[in-house]
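Structure record follows, encoded as structure tokens.
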Amino acid sequence: QVQLVESGGGLVQPGGSLRLSCAASGIIFSLYEMGWYRQAPGKQRELVATIISGDNTNYADAVKGRFTISRDNAKNTVYLQMNNLKPEDTAVYYCNAVLATTEFWGQGTQVTVSS
């Protein structure tokens, strides 16, 4: 059974930081492209960042320079370090795993940026 379990969300003030984690089980983690997506109320789910390997990453323009995606294949975990958070970053953040036509999603973790 495949599971992607996110953690690390919460309430943070503008300018603050959070680190999201996504622990994967039931897959050969190192083979998968991992990603973070987010969905704000009333909006479509959108890409935040993806990672294939340490140097092979991709970011949405809105988070470039503020967010960093990384992975630890030994721990089957992908991370999203979020710095200088803005109110517009408020959303449910989802972990995603893709290999060819196979795709899995986590249940999501809420991130709220508010003073």
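At a glance:
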read-out: Test for Glu6: is it open to solvent by 60 Å² or more (accessible area, probe 1.4 Å), under 16 Å from the mean Cα position of the chain (by Cα), of a type in the set (D, E, K, R) and under 15 Å from Arg71 (Cα atoms); value: no
read-out: Residue in the stretch 9-39 that is nearest to Val98 (Cα to Cα), counting only those that are open to solvent by 30 Å² or more (accessible area, probe 1.4 Å) and in a loop (DSSP other than H, G, I, E, B); value: Ile28
read-out: Top-ranked residue of the stretch 60-91 - restricted to ones that are in contact with a Pro (Cβ under 9 Å, 6 or more places away or on another chain) and open to solvent by 10 Å² or more (accessible area, probe 1.4 Å), ranked as farthest from Gly42 (Cα to Cα); value: Asn84
read-out: Hits in the stretch 60-83 - residues which are over 11 Å from the mean Cα position of the chain (by Cα), free of Cβ contacts under 8 Å to residues at least 40 places away in the same chain and closer than 20 Å to Val111 by Cα; value: Ala60, Asp61, Ala62, Val63, Lys64, Gly65, Arg66
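The values are calculated or read from the model by the stated rules, or taken from the named source; none is laboratory data. Given the structure is predicted, the values throughout are model-derived calculations rather than measurements. Neighbour counts are summed over all protein chains in view; Cβ atoms, including those assigned to glycine, are modelled from backbone coordinates with ideal geometry. Just the protein is used for accessible areas: all its heavy atoms, side chains included, with ligands, DNA and RNA removed. Shrake-Rupley method; radii C 1.70, N 1.55, O 1.52, S 1.80 Å.
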